[in-house]
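Worksheet for the structure shown next.
Each value in this text was obtained by applying a stated rule to the coordinates, not by laboratory testing. Note that the coordinates shown come from a computational prediction; the quantities given were computed from them, not determined experimentally. Virtual Cβ from ideal backbone geometry, glycine too; neighbours counted across all protein chains shown.
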Amino acid sequence: MKVCKFGGSSMASGETVKRVAEIIRSDEERKYIVVSAPGKRFKEDIKITDSLLNAYRESRKGTPLAGLLQPIFDRFVGIAADLGISDKVDLPAIFHEIEEGIAASPIPDYAAAQGERLSAMLLAAYLGYEFVDAREIVRFAEDGQFNAEYTNDIARKRLSANTSGVVIPGFYGSTSSGMIRTFSRGGSDVSGAIVARAIKADIYENWTDVNGFLTADPRIVDNPKPIPELSYRELRELSYMGANVLHPESIFPVRKANIPINIKNTFEPANPGTMILPGVLQHDRLITGIAGKKGFVSVLIEKSMMNNEIGFTRKLLSVLENLNMSFEHLPSGIDTMTLIIADTEIGGKMQDLVGGIREAVSPDRLEIQSDLALIATVGHGMAYKPGTASRLFTALSRVGVNIKMIDQGSSELNIIVAVSGEDYEKAINAIYEEFIN
Ligand code: ASP
């Protein structure tokens, strides 16, 4: 059995939904379908989820909800009409209920979820599949934490009752008391993976609008080569570092059950896309892909005899813990330690961070450097092979890029370097030329 998740651009209009249905009907194994809310039809278009969140926010400032929701509802009415199913779904009654629901919600999650819900209802009606509401099968704790094991139990029970075709909205679920909660943005990928695990799918097909993963960001490298195969661990590294084809958390449910993920393109269904597989892949590629992110700060802490001070790292990290701040890397020397932290984590708390560190560990020197970029060069192929790091550093020195930090875990799955933000594009191109082109 296959689980298919279709993203926002696949669900954007009546025309694209017809393509989706064609893909589903072309393979009898495609019986469990998870969908996103309608996304953009053209570059300046607005995603339904964004419009819903905007309606929630504006209504809280006093703008009447009915007017805010009208364009959203119109889009669904249009899709239903294009599909010829206007008589099969009582949209006016559902819209009425949604308006009341949003007005009564204390948090934005209910509003955010309605795009997926309506999208799934329409596709179910068009295909003649059963609509199964995600609130029945995806469980969150009252504080919004996803409860993976409980979800797996209830989803398995509910979904194994129907093997003739179901459509499930992605992105959300509910608490035991019935309150709607969502994953973070792009979370329908996670929902698809949850369903794949629950029904023990042979494969999780994730249908999007690109031909899978590329070896580098196409906005930086000209025409980067595609990645035909990838391991879960390589995927995790690449997507965490910014290769955003899939939600980074969508791997965990399928990884537990050893289910392969196939990234496919709704608009080019014959393209094999990228296959993501468990285990370590045997192939002759040294490097699988390159990814990176800008927007990091380094905080260098120097103190003589740091290496003798028992508990130094604990005291330093407790400052971060108290500020509820996470860090990316912590390279250290004998008397130095450097924290690499994302700008988004620091927010407006730089003063508190510096003050906290001074108080906790009394450093001799504390130096902050901003505008750093991190670049991960990822691939199982580099394990046990001497020379990868040397080639990487030579490639960077050849184009005059100074490396500010190096981190290679002993798993030898990746080498991460920090460079100045202005060198970011140049560095990625140099690494690409060295290993991939
Ligand atoms: N519709 C949601 C979003 O725009 C979730 C998803 O598409 O995966 O983030």
Inset, instruction - First select every other residue whose beta carbon is under 11 angstrom from the beta carbon of Arg117; then total the charges, Lys and Arg +1, Asp and Glu -1. - result: -2
Legend entry - Top positive-direction residue, dipole computed over the chain with Cβ charges, set Ile406, Met11, Val280: Val280
Inset, instruction - Please name which of Asn322, Ala134, Ala196 has its Cα lying farthest along the dipole of the chain towards the positive end, using unit charges on Cβ (Lys, Arg +1; Asp, Glu -1) and the Cα centre as origin. - result: Ala196
Legend entry - Net lengthening on full extension, Leu300/Arg314 (0.36 nm per residue, minus Cα-Cα): 3.4 nm
Inset, instruction - May I ask you to derive the relative contact order of the stretch 345-424, considering only C-alpha pairs under 8 Å and at least 6 residues apart, and to give it as an integer percent? - result: 35
Inset, instruction - Just name one of His96, Ser164, Phe73: the one whose Cα is farthest towards the positive end of the charge dipole of the stretch 63-164 (beta-carbon charges, Lys/Arg +1, Asp/Glu -1). - result: Ser164
Inset, instruction - For every helix of n ≥ 4 consecutive DSSP H residues, a contribution of -39,500 (n - 2.57) applies; sum these over the chain, divide by its total residues, and give [θ] at 222 nm rounded to the nearest 500 deg cm²/dmol. - result: -12000 deg cm²/dmol
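Any idea what % of Cα-Cα pairs in the stretch 96-191 are farther than 16 Å? Working shown, then result.
Numbers: 2521 of 4560 pairs.
Above the 16 Å cut-off, the stretch 96-191 has 55 percent of its Cα pairs.
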Inset, instruction - Using a cut-off of 14 Å between beta-carbons, work out the net charge of the residues near Leu127 (Lys and Arg +1, Asp and Glu -1, Leu127 not included). - result: +2
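Where does the charge balance sit around Asp189 when Lys and Arg score +1, Asp and Glu -1, over other residues with C-beta under 14 Å from its C-beta? Don't skip to the answer; put the middle values down first.
Details: positive: Lys5, Arg185, Arg197, Arg236, Arg255, Lys264; negative: Glu116, Glu205, Asp209, Glu249.
After counting each charged neighbour, the total is +2.
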Legend entry - Cα-projected label distance for Asp143 with Arg219, points at 7 Å along beta-carbon direction, nm: 3.4
Inset, instruction - Would you mind giving the average projected area, over all directions, of the Cα convex hull of the stretch 227-385 in nm² with one decimal? - result: 12.5
Legend entry - Distance in nm between pseudo-label sites at Asp343 and Arg185 (7 Å out along the Cβ direction from Cα): 1.6
Inset, instruction - In nm, give the distance between the simple-model label positions of Lys18 and Ser410, each being 7 Å from the Cα along the Cα-to-Cβ direction. - result: 6.0
Legend entry - About the Cα centre, charge dipole magnitude for the chain (Lys/Arg +1, Asp/Glu -1 at Cβ), debye: 540
Legend entry - Antiparallel %, DSSP beta bridges [both residues in the chain], to 5: 60
Legend entry - For the stretch 350-405, size of Cβ-based charge dipole, Lys and Arg +1, Asp and Glu -1, in debye: 480
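Listed here are the pairs Lys294/Lys315; Lys61/Lys293; Lys40/Lys200; Lys2/Lys157; which of them are more than 23 Å apart at the Cα?
The pairs that break the limit, which is 23 Å between Cα atoms, are Lys294/Lys315; Lys61/Lys293; Lys40/Lys200.
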Inset, instruction - For the stretch 115-145 and the stretch 9-57, compute the distance between their C-alpha centroids and round to whole Å. - result: 13
Legend entry - Computed over the chain, Cα set: Rg, Dmax in Å: 24.0, 77
Inset, instruction - Treating the angle as unsigned and between 0 and 90°, give the value, to the nearest 10°, between the Cα long axis of helix 65-83 and the longest Cα principal axis of the chain. - result: 70
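Which order results if Arg60, Arg117, Arg30 are arranged by neighbouring Cβ count within 10 Å, fewest first? All intermediate terms of the calculation are to be shown ahead of the outcome.
Working: Arg60 11, Arg117 24, Arg30 17.
Neighbour counts put them in this order, fewest first: Arg60, Arg30, Arg117.
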Legend entry - Lys, Arg +1 and Asp, Glu -1 on Cβ, resulting dipole of the stretch 183-321 about Cα centre, debye, nearest 20: 380
